[in-house]
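Written out below as structure tokens is the structure these notes cover.
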Amino acid sequence: MESAKSNINGHQNVIVMRHGDRMDRYEPLWASTAERPWDPPLIHDGKVRAFHTGQRISSHVAFPIHRVFVSPFLRCIQTAVEVVAGLSAVPSIDNSKLKVAIEFGLCEILNSLAIKSNVAPKDGKFDFSISDLEAMFPEGTMDHNVDMVYKELPQWGESAEGFRERYVNTLKVLAQKYPSENLLLITHRGGVSTILYKYLKDATKRLVNYCGCVDLRRRDGFGESVDFEVVTSHGVSFREHNVPIHDPGTPPTTIRAAMASSANSNTTDEYQNILMMRHGDRIDKINPLWLDTASRPWDPPLVQDGLVRAFQTGQRIRSQIQFPIHRVFVSPFIRCVQTASEVIAALSAVDLNPHATSSKDVISIDKSKLKVSIEFGLSEMLNSMAIMPEVAPKDGKFDFKISDLEAMFPEGMVDHDVDPVYKEMPEWGETVEECTERFLGLVKTLADKYPSENLLLVTHGEGVRTTFATYKKVDTYDVEYCACAELRRKVSSQDGSTKAGGFEVMTSLGEGVGTTLSTFYEDTTVYEVDYCTYVELRREVSSTKAIELWSSWNQV
């Protein structure tokens, strides 16, 4: 056994991660002047996302990363540099002995499906200056004594069977070589999706987005080794098999239209959909010094990345869900109002530019698309668990100037005829149980009030967590910025009256809703793994027979 390091709780963890946001996907003209158009770097947001992913891995998974193996493509190298920095930024985890090595086996799929023929090298040879790539990492981090699993790059034109075998074999060999060390493998979408296909039973991958991860874990002990198993998920969206994937070429049937048609029929059954969404990245979590000079330290706005994330979430909602949004209800906290403003811009934009990154890039808004209202019932949990007592108002009164908040939305989109469910803010010091009752009661009240409309509720982490956990019947441990929980219920219209069924959770869309394992991974279809996410798998392994039963895994 090459390594003598011991792992926490006797487990070995192998995280397989995709790189961050690549330049050519945001600046298509970049490739026309690039010297190496087949090797795009990250954009700034990609570096930020990678760094935050490193921080999240280090703080959430509760184990140190001992070794990082990385594809030689520049976008993966830059991702690894940021992730290593993020891992080191969390003082509670010791990554001081972390080592990095470049591995050709983790490289991009080398065929025209992954790299366009017009940008690939004419001779089919992808050249890398390994010394230049290694120089991008902190001094002393590179392990020059590591032999690559694949000494050369694959040949251009490799088959699907070839790249799948390569990714799995690279994972197998590295895990076997370092059975008592935790590994992070930074690769491409093909690598992550291959792992998803292989280890999530009956899983169909629809999209693996930037910084999406699969986390494999196995027990390091005595006895026979067994397969990796999934132990947690973080930010992975699912759609059950009985839910059709929307064909963007076919307009979805709206619940309004279905109910309107009930005039010609005695009974009509359709579905009402509700998206419960958390706000974007708040400034006090990125820059804690902001609190020192803020006049309203309990009401932090979004950072620029939070505005971008909110807008992009609106784009994803617009392009991926099967139904229109008719109404948006928003917490009065400014981070939620700013989030809703960006989402609405993306949902209502006329001829939306696919390269737009915020509402500033939207030229024209279709004001007939939806209506928006502020709802006190969607407010943050008003106790010291959510808002530090030292920043909360001394008198316990949270004041908002509603007219100023409404002015942040496009003119004509605020519905002033809507009466809020909660006419006042909750009392400071509410209990968790009272907060849970508030959120669940509000969802039902709004749904019953607008049974023929699909709703988007922009709120806080506790609102999404409570709703998701209650209807999914799982323990939810983390809700990332701009995470969404999608609820659906059947609504029947008969002879002018409406009857609604119970809600079920269809998906979690966006940056991620983390849950416990058992409910999530049985008979599910993975349709999206979003930014900076990971799935954790685990298997038991003997310390003397590290990975002996690989042949028993499901075939790729």
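The values are calculated or read from the model by the stated rules, or taken from the named source; none is laboratory data. This one's a predicted model, so the numbers in the text were calculated from it and none came from an experiment. With ideal geometry, Cβ positions are generated from the backbone for all residues, glycine too; neighbour counts draw on all protein chains shown.
Tabulated data for the structure shown
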| quantity | calculated |
| --- | --- |
| LEU378 vs. criteria closer than 23 Å to THR313 by Cα, touching a residue at least 24 places away in the same chain (Cβ under 8 Å) and in contact with a Gly (Cβ under 9 Å, 6 or more places away or on another chain) | yes |
| Filter result for ASN145 (assigned by TED's automatic domain parsing to the domain that holds PHE104, under 30 Å from GLN320 (Cα atoms) and part of a loop (DSSP other than H, G, I, E, B)) | no |
| Yes/no for VAL100 being outside any helix (DSSP H, G or I), under 27 Å from the mean Cα position of the chain (by Cα) and either surrounded by 15 or more Cβ atoms within 10 Å (Cβ to Cβ) or touching a residue at least 12 places away in the same chain (Cβ under 8 Å) (or both) | yes |
| Candidate set: the range 118-142, residues that are not in a loop (DSSP other than H, G, I, E, B) and not hydroxyl-bearing (Ser, Thr, Tyr); chosen: the one farthest from GLU103 (Cα to Cα) | ASP132 |
| Pairs with Cβ under 6 Å, 6+ apart, first in the range 490-512 and among the acidic types (Asp, Glu), second modelled with pLDDT of 75 or more and surrounded by fewer than 22 Cβ atoms within 10 Å (Cβ to Cβ) | GLU504/ARG488 |
